[in-house]
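The block underneath contains the structure these notes are about, expressed in structure tokens.
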Amino acid sequence: MSDAEDQANEVRDRIEELADPSVASKLSGFFKTGPGDYGEGDLFVGVRAPDLDRIARSMRDLELAAIGRLLESPVHEERMVALRILVGRYRSEPGSGRHLARFYLDNLAGVNNWDLVDISAPWLLGGEIAEGRLWPTAMKLASSPNLWRRRIAIVSTLGPVRLGQLGPALEMAEVLVGDHEDLVQKASGWVLREVGKRDEAALIGFLDAHGPDMGRTALRYSIERLPESRRRHYLETTRRK
């Protein structure tokens, strides 16, 4: 057995020690793992997020090969630990960003539920976008037929937004303005709301230009912090349901 496999098995053992079937049942329902749902086939063993975070912190020096094995796992919690380790390393190891981001992009098949996207994309892709890298890659993801890749594309722009760089978020939201997938709309609205926290005029300008073409879910999320009169105006002018 390789060192990478040994390391991956150590993570699996730690997760298994904390597994709780009752928690697994609740998580399976919350993350819609039933037939035909967005998380169909995702397997939960029932470990809560704070425990996964502790495991990730204690295993932060895992080899990338071991992280890759965890990202291939059908067990949701194993993939979550792998992504938390990657994000922790990205944030704490200057100079490693490009390498870790490329590894992340090479393993996107394992980033296949909304919590996995949201914990990872703002850092591992968003951090690179903020540095002026990988924007064409993000735009390519936005045109993917896979909803998780499109969600990665928009959620990644939260990285630049948090640094005051609003352009990528506004451009990506425009690209995805016609998306009909609920989980992409929610992410677009969330990102636009964050833009508005930093520059309300930028959000208003986007809504004036694109509000009529936005889906109601994206629109409702984006206008949550606006005055009631403005919220009512945009809801009355949208052409989509």
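The values are calculated or read from the model by the stated rules, or taken from the named source; none is laboratory data. Here the structure is a predicted model, which is why all the values come from computation and not from measurement. Note that each Cβ is placed from the backbone with ideal geometry, even for glycine, and that neighbours are counted across all protein chains shown. Calculation scope for accessible area: heavy atoms of the full protein, side chains included, ligands and nucleic acids excluded. Shrake-Rupley method; radii C 1.70, N 1.55, O 1.52, S 1.80 Å.
Among what's in the range 220-241 and is in a loop (DSSP other than H, G, I, E, B) and among the basic types (Lys, Arg), pick the residue that is surrounded by the most Cβ atoms within 10 Å (Cβ to Cβ).
If we take residues in the range 220-241 being in a loop (DSSP other than H, G, I, E, B) and among the basic types (Lys, Arg), then ARG240 is surrounded by the most Cβ atoms within 10 Å (Cβ to Cβ).
Can you give me the number of residues within the range 43-62 that are open to solvent by 70 Å² or more (accessible area, probe 1.4 Å) and over 16 Å from ASN9 (Cβ atoms)?
Final tally of qualifying residues: 6.
Can you pull out every residue in the range 3-31 that is outside any helix (DSSP H, G or I) and under 16 Å from ARG79 (Cβ atoms)?
Of everything in the range 3-31, those that are outside any helix (DSSP H, G or I) and under 16 Å from ARG79 (Cβ atoms) turn out to be ALA19, PHE31.
Which residue, of GLY205, GLY178, is more than 15 Å from the chain's Cα centre (by Cα), surrounded by fewer than 20 Cβ atoms within 10 Å (Cβ to Cβ) and without any contact (Cβ under 8 Å) to a residue 12 or more places away in the chain?
On inspection, the qualifying residue turns out to be GLY205.
If I ask for residues that are more than 26 Å from GLU181 (Cβ to Cβ) and within 19 Å of the chain's Cα centre (by Cα), which ones from the range 14-60 would you list?
ARG48, PRO50, LEU52, ASP53, ALA56, listed by residue number.
Is at least one residue of the range 34-41 part of a loop (DSSP other than H, G, I, E, B), surrounded by 15 or more Cβ atoms within 10 Å (Cβ to Cβ) and of a type outside the set (A, V, I, L, M)?
yes
What number of residues within the range 50-75 satisfy the criterion of being in a helix (DSSP H, G or I), in contact (Cβ under 8 Å) with a residue 24 or more places away in the chain and under 24 Å from GLY159 (Cα atoms)?
8
Within the range 81-96, can you find the residues that are open to solvent by 10 Å² or more (accessible area, probe 1.4 Å), in a helix (DSSP H, G or I) and not basic (Lys, Arg)?
VAL87, GLY88, TYR90, SER92
It is to be established whether one or more residues within the range 205-219 are assigned to a helix (DSSP H, G or I) and closer than 20 Å to GLY127 by Cβ.
For the range 205-219, residues assigned to a helix (DSSP H, G or I) and closer than 20 Å to GLY127 by Cβ: absent.
Within the range 101-138, which residues are out of contact with any Lys or Arg (no Cβ under 7 Å at 6 or more places or on another chain), assigned to a helix (DSSP H, G or I), open to solvent by 50 Å² or more (accessible area, probe 1.4 Å) and farther than 22 Å from GLY41 by Cα?
Across the range 101-138, the qualifying residues are ARG102, TRP135, PRO136.
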